[in-house]
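Following: one structure in structure tokens, then a few remarks.
Rule-based calculations on the coordinates, nothing more; no lab input. Given the structure is predicted, the values throughout are model-derived calculations rather than measurements. Every residue, glycine among them, receives a Cβ derived from its backbone with ideal geometry; neighbour counts consider all protein chains shown.
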Amino acid sequence: MFAARDYETDIDDLWDAITNPERLPRWFAPVTGDFKLGGRFQIKGNADGAITACAPPHTLALTWEFAGQLSWVEVALSPAGAGARLELQHIAPIDPHWAQYGPGATGVGWELGLFGLAWHLRDPSAQKPPEADAEWLASADAKRFIALSSAAWGEADIASGAEDAPARAAAEATRKFYSGEA
């Protein structure tokens, strides 16, 4: 899974937003741990892992350990015009979860997180990301965001060589999961 976003902030602020344990809950989730090369982290209610590369303010890589599975996340930051660009790659093995949900399983989750990051950078005083708000998640806007993101990940799966019907079924399963219909 690969995603890239440009943000209206400088690279140092973007680095701080993605690595500062005081800011992470305002756009992503509470994260505890030792935030340095070789350190371990724990995302409340989600994954944990080890930091495998850390070169501020440009590169962060870590293992993503969740539900008995191991995957890898790499984040690269760079200047982009008057702002900064974040490129995120989440490398996961093909497993039964993939067959059921396809790339949208991680893709939609990261899309929601990157949306929360944009929200946070526009309003750093907000105390939680929109996707952590049950009212927002139940809104027509959230349902549309999730549906469009799920469908786009299904199309990306097809473009990469997956068969149409299974990829579309996985995208729909992903939409239902993130919409609370599963």
Exposure-ranked with fewest Cβ neighbours within 10 Å first, 9, 32, 63, 106 stand as 32, 63, 9, 106
Lys, Arg +1 and Asp, Glu -1 on Cβ, resulting dipole of the range 1-93 about Cα centre, debye, nearest 20:
260
Where nothing but the Cβ of Lys and Arg (+1) and of Asp and Glu (-1) is charged, how large is the charge dipole of the range 78-182 around its Cα centre, in debye to the nearest 20?
220
Sort the range 61-182 into rounded, prolate or oblate with this rule: let a ≥ b ≥ c be the square roots of the eigenvalues of the Cα gyration tensor; rounded if a/c is under 1.5, and if a/c is not under 1.5, prolate when a/b is larger than b/c, oblate otherwise.
oblate
Would you calculate a helix-derived [θ] at 222 nm for the chain, using -39,500 (n - 2.57) for each DSSP H run of n ≥ 4 and dividing by the full residue count, to the nearest 500?
-13000 deg cm²/dmol
With r defined as the distance between the Cβ atoms of residue 143 and residue 87 and R0 fixed at 45 Å, what FRET efficiency is calculated, to the nearest 0.05?
0.95
Relative contact order computed over the range 20-79 (Cα-Cα under 8 Å; 6+ residues apart), in percent:
20
Arrange the following residues from fewest to most other Cβ atoms within 10 Å of their Cβ: 160, 150, 139, 125.
125, 160, 139, 150
Percent relative contact order of the chain, based on C-alpha pairs within less than 8 angstrom and at least six residues apart?
21
Using 7 Å Cα-to-Cβ label points, what is the residue 176/residue 69 separation (nm, one decimal)?
1.8
For the range 96-182, what does the relative contact order come out to in percent, with C-alpha contacts under 8 Å and a separation of six or more?
41
Please give the contour-minus-distance gain from residue 97 to residue 122: 0.36 nm per residue of separation, less the Cα-Cα distance, rounded to one decimal in nm.
5.6 nm
How would you rank 146, 51, 91, going from fewest to most other Cβ atoms within 10 Å of each one's own Cβ?
91, 51, 146
When N counts the residues of the range 1-93, how does its alpha-carbon radius of gyration compare numerically with 2.2 N^0.38 Å, as a ratio?
1.05
Taking the alpha-carbon distance from residue 128 and a cut-off under 15 Å, which aspartates and glutamates remain once sequence neighbours fewer than 8 residues away in the same chain are dropped?
22
Describe numerically, in nm with one decimal, the distance between label points set 7 Å from Cα along Cα→Cβ at residue 53 and at residue 10.
2.5
Explain nothing, just the number: dipole magnitude of the chain about its Cα centre with +1 on each Lys and Arg Cβ and -1 on each Asp and Glu Cβ, in debye rounded to the nearest 20.
240
Taking a cut-off of 16 Å between Cα atoms, list the lysines near residue 143, but don't count ones fewer than 8 places away on the same chain.
176
